[in-house]
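**Q** I'd like to ask some things about the structure below.
The values are calculated or read from the model by the stated rules, or taken from the named source; none is laboratory data. This is a predicted model, so every value here is computed, not measured. Cβ placement follows ideal geometry from the backbone for every residue including glycine, while neighbour counts extend to all protein chains displayed.
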Amino acid sequence: MLRYAVVGAGGYGGRHIENIRRHGERLGCMLSAVAIRPQDRRPGQVEHFQAEGVEVFADAVEMFDRLTGRIDAVFIPTGIHTHCPLTCAALQRGHNVYLEKPPAATVQQLDRMRAAVVHSGRICALGFQAISSSSIAFLKQRVVSGELGHVRRLRCWAFAPREDKYYARNEWAGRLKLGEAWVLDGPSNNALSHEIANMLYLASPRPRAFAAPTAVRAELYHARDIESEDTAAIEIRTAEGATACFIVSHCAAGPQAGPRIEMECSRAHVRWDFSGRTAIAYDDGRGESLDGDDPPPPVAALANFTQAVRDGDAGLLNCTLGMGRNFTLALNGAFESSGRVHPIPGRYVTRAGDGPEATTVVKGINDLIARCAAEGLLYSDAGCEWAARTEPFDLTGYAEFPQRFEA
């Protein structure tokens, strides 16, 4: 039975703990330890874990030190700005790591983590969990085999409203930096980052690889009183020839819709949504479809990581830290292209609801997202009054953020 430790017990930490508890016996893993900062502890929480035989620590690095040689892997589902130091600390102490998405705020941080993986000889999985899903695997196989033909364009859209309590849940939500550490929180580098990763993964005809971004044109905005983006339009050009368009907002009206991805290929058209429902319409009249993902992507990702750790083989991982570099490269390019996070003037913004569940809504944003996604436009291309036109940012030789972006 493999022994796992998790940093944090709230948010995604709690989800990892629940998945290990629920599926551990079948998969061959168990929860052995958690690190919970004193200020994050709930009444009775420590005693509950201890009653289960789970060791509880007040500090993540102390846990890494104390458990060297006693556990098989650590899960790091913490704030974006902590990913690099915690991952490096765990690897340096000989632990395998499951790092929650996004991998890092900057490409230089990711490169430091990649070097730590190589030096340690350990395994580091990256939690873009949809890469392990049955639906994305289904599509990737058809991209690699050439059955879809050449991938030309991918488009993702989402109405993804977030309530006030979402931004009040921790100290880094909606932040560009926390102290001197870059965060770059927002739909592009957090809640909806899976979809940028999915598009880059499907844009590459190579197994276990993301397409390589060569240039990014992006418009990043905030309607809320936050530092970072809550509304984004991003166009990513890749060395493989495909272009990926990402049109989303946390300030959309109504319930969440999407994310959904469409792929235009030389032999087929693909539609995919977040539930895993997939439809392929081939140019020759054939069709293929999936009704959804089974098992759910987080469980599939846990099973894949457990197999890789058990066999000591990083080559079994569906998504490695190294694969994620092209995601972070694209993300940094988006911020560089945008130049800054542009405020949306108050006359275009309204509020809905009350209390912690209240939301901020950009007037007309749902229709704008739908149009831009359908036509492959950024907001300024569509003539939006509050949009700021930007230029593509060339990623040739790019190795350090920021160069043009101003916080």
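**Q** Taking region 252-284, which residues are within 20 Å of residue 160 (Cα to Cα), hydrophobic (A, V, I, L, M, F, W, C) and touching a helix residue (DSSP H, G or I) at 6+ places or on another chain (Cβ under 7 Å)? Steps first, answer last, please.
**A** Going through region 252-284, the residues within 20 Å of residue 160 (Cα to Cα) turn out to be 252-262, 271-277.
Cutting the leftovers down to hydrophobic (A, V, I, L, M, F, W, C) gives us 252-253, 257, 261, 272, 274.
Result: 252, 253, 261, 272.
**Q** Test each condition in (1) buried (at least 23 other Cβ atoms within 10 Å of the Cβ); (2) part of a strand (DSSP E or B) for residue 281 and report the one that comes out false.
**A** (1)
**Q** For region 82-125, what are the residues that are without any contact (Cβ under 8 Å) to a residue 24 or more places away in the chain and either more than 22 Å from residue 183 (Cβ to Cβ) or aliphatic (A, V, I, L, M) (or both)?
**A** Across region 82-125, the qualifying residues are 115, 118, 121.
**Q** Of these, 47, 52, which one is among the charged types (D, E, K, R) and in contact with a helix residue (DSSP H, G or I) (Cβ under 9 Å, 6 or more places away or on another chain)?
**A** On inspection, the qualifying residue turns out to be 52.
**Q** Tally the residues that are more than 16 Å from the chain's Cα centre (by Cα) and either buried (at least 24 other Cβ atoms within 10 Å of the Cβ) or not in a helix (DSSP H, G or I) (or both), restricting the search to region 117-137.
**A** Within region 117-137, the subset more than 16 Å from the chain's Cα centre (by Cα) is 117-123, 134-135, 137.
Narrowing further to those that are either buried (at least 24 other Cβ atoms within 10 Å of the Cβ) or not in a helix (DSSP H, G or I) (or both): 121-123.
Here the count works out to 3.
**Q** If you don't mind, there's one more thing I want to ask. Mind telling me which of the residues 254, 174 ends up being touching a Phe, Trp or Tyr at 6+ places or on another chain (Cβ under 9 Å), among the small types (Gly, Ala, Ser), surrounded by fewer than 23 Cβ atoms within 10 Å (Cβ to Cβ) and modelled with pLDDT of 95 or more?
**A** After applying the criteria, what remains is 174.
**Q** Of (1) within 25 Å of residue 401 (Cβ to Cβ); (2) outside any helix (DSSP H, G or I); (3) in contact with a helix residue (DSSP H, G or I) (Cβ under 7 Å, 6 or more places away or on another chain), residue 114 satisfies all except one. Which?
**A** Tallying (1) within 25 Å of residue 401 (Cβ to Cβ); (2) outside any helix (DSSP H, G or I); (3) in contact with a helix residue (DSSP H, G or I) (Cβ under 7 Å, 6 or more places away or on another chain), residue 114 fails exactly one: (2).
**Q** Give the residues of region 374-398 that are of a type in the set (Asp, Glu), in contact (Cβ under 8 Å) with a residue 12 or more places away in the chain and closer than 21 Å to residue 335 by Cβ, sorted by residue number.
**A** First, pick out the residues of region 374-398 that are of a type in the set (Asp, Glu): 375, 381, 385, 391, 394.
Going one step further and asking which of them are in contact (Cβ under 8 Å) with a residue 12 or more places away in the chain, we end up with 385, 391, 394.
Once the filter is applied, which keeps residues that are of a type in the set (Asp, Glu), in contact (Cβ under 8 Å) with a residue 12 or more places away in the chain and closer than 21 Å to residue 335 by Cβ, region 374-398 yields 391, 394.
**Q** Can I ask one more? When region 29-57 is examined, which residues are found to be among the hydrophobic types (A, V, I, L, M, F, W, C) and under 30 Å from the mean Cα position of the chain (by Cα)?
**A** 29, 30, 31, 33, 34, 35, 36, 46, 49, 54, 56, 57
**Q** Among the residues of region 301-322, is there at least one that is in a strand (DSSP E or B), at pLDDT 95 or above, touching a His at 6+ places or on another chain (Cβ under 8 Å) and farther than 22 Å from residue 145 by Cβ?
**A** Of all residues in region 301-322, those in a strand (DSSP E or B) come to 320.
If we keep only those that are at pLDDT 95 or above too, we end up with 320.
Then keep just the ones that are touching a His at 6+ places or on another chain (Cβ under 8 Å); that gives none.
No, region 301-322 contains no residue that is in a strand (DSSP E or B), at pLDDT 95 or above, touching a His at 6+ places or on another chain (Cβ under 8 Å) and farther than 22 Å from residue 145 by Cβ.
**Q** Considering only region 344-373, state which residues are without any contact (Cβ under 8 Å) to a residue 60 or more places away in the chain and either closer than 19 Å to residue 219 by Cβ or assigned to a helix (DSSP H, G or I) (or both).
**A** 345, 346, 347, 363, 364, 367, 368, 371
**Q** Mind listing just one residue for me: the one in region 296-323 that is in contact with a Phe, Trp or Tyr (Cβ under 6 Å, 6 or more places away or on another chain) and over 14 Å from residue 72 (Cβ atoms) and, of those, surrounded by the fewest Cβ atoms within 10 Å (Cβ to Cβ)? Show your work before the answer.
**A** Narrowing region 296-323 to residues in contact with a Phe, Trp or Tyr (Cβ under 6 Å, 6 or more places away or on another chain): 305, 319, 323.
Going one step further and asking which of them are over 14 Å from residue 72 (Cβ atoms), we end up with 319, 323.
Working: 319: 26, 323: 22.
The selected residue is 323.
**Q** Has region 216-228 got at least one residue that is within 30 Å of residue 317 (Cβ to Cβ), at pLDDT 95 or above and of a type in the set (D, E, K, R)?
**A** no
**Q** Can you tell me which condition residue 16 does not meet? The list is (1) out of contact with any Asp or Glu (no Cβ under 9 Å at 6 or more places or on another chain); (2) closer than 22 Å to residue 170 by Cβ, and all the others hold.
**A** Here residue 16 meets the rest and fails (1).
**Q** Moving to a separate point now. For region 125-132, does any single residue satisfy the condition of being among the hydroxyl-bearing types (Ser, Thr, Tyr) and more than 27 Å from residue 241 (Cβ to Cβ)?
**A** no
**Q** A further question follows. Among (1) free of Cβ contacts under 8 Å to residues at least 12 places away in the same chain; (2) farther than 22 Å from residue 204 by Cα; (3) surrounded by 14 or more Cβ atoms within 10 Å (Cβ to Cβ), where does residue 286 come up short?
**A** Condition not satisfied by residue 286: (3).
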